[in-house]
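The values are calculated or read from the model by the stated rules, or taken from the named source; none is laboratory data. Keep in mind it's a predicted model, so treat the numbers as computed, not measured. Don't worry about glycine lacking a Cβ; one is built from the backbone with ideal geometry, like all the others, and counts go over all protein chains shown.
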Amino acid sequence: MKPFPPSFTIRDEIYVHKAPFSRDKVHVLASLDASKLDYAKAQNLHRTDQDFPSRMVQMYGKGRVFYSTFGHAPETWDDPRVQKMYLEAIKWSVGLTSGSTTPHPKPVQ
């Protein structure tokens, strides 16, 4: 997530996790600011806790898992920050770089 500032705006289609999701099991790298979402446009919004992770990591056995919702809009792929993020995620996934997968609670807003 180093290419991105602590707060940023990007236009893309973001998936909302339907299945049970717990910050006790994953390390969330970035999430949507629920206070800025247009709930009138949201369809099938299943997350009543207003926790919308968009990038996260976790261990799966001995494997490293990186998840991101970025990449649905063509202009997203042209964003150098997104390209750098995915390159670094691939390097991390195969063990070329380090990074924590320690879960942590949602920050208080």
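Can you name the residue in the stretch 67-109 that is β-branched (Val, Ile, Thr) and assigned to a loop (DSSP other than H, G, I, E, B) and is also surrounded by the most Cβ atoms within 10 Å (Cβ to Cβ) among such residues? Here the answer is THR69.
The residue pairs whose first member lies in the stretch 3-18 and is closer than 21 Å to LYS84 by Cβ and touching a residue at least 12 places away in the same chain (Cβ under 8 Å), whose second member is in a loop (DSSP other than H, G, I, E, B) and of a type in the set (S, T, N, Q), and whose beta carbons are closer than 6 Å, counting only pairs six or more residues apart or on different chains, are ILE14/THR69.
Taken together, ARG23, ARG64, ARG55 contain a single residue that is part of a loop (DSSP other than H, G, I, E, B) and either surrounded by 15 or more Cβ atoms within 10 Å (Cβ to Cβ) or at pLDDT 90 or above (or both), which is ARG23.
Looking at the stretch 97-109, I want the residues that are more than 13 Å from MET59 (Cα to Cα) and have a partner that is charged (D, E, K, R) and assigned to a loop (DSSP other than H, G, I, E, B) with Cβ atoms under 7 Å, at least 6 apart or on another chain. Which pairs are those? Correct list of pairs: HIS104/ARG23; PRO105/ARG23; LYS106/ARG23; LYS106/ASP51. Of the numbered conditions (1) outside any loop (DSSP other than H, G, I, E, B); (2) surrounded by 10 or more Cβ atoms within 10 Å (Cβ to Cβ), SER35 fails exactly one; give the number of that condition. Every condition holds for SER35 apart from (2).
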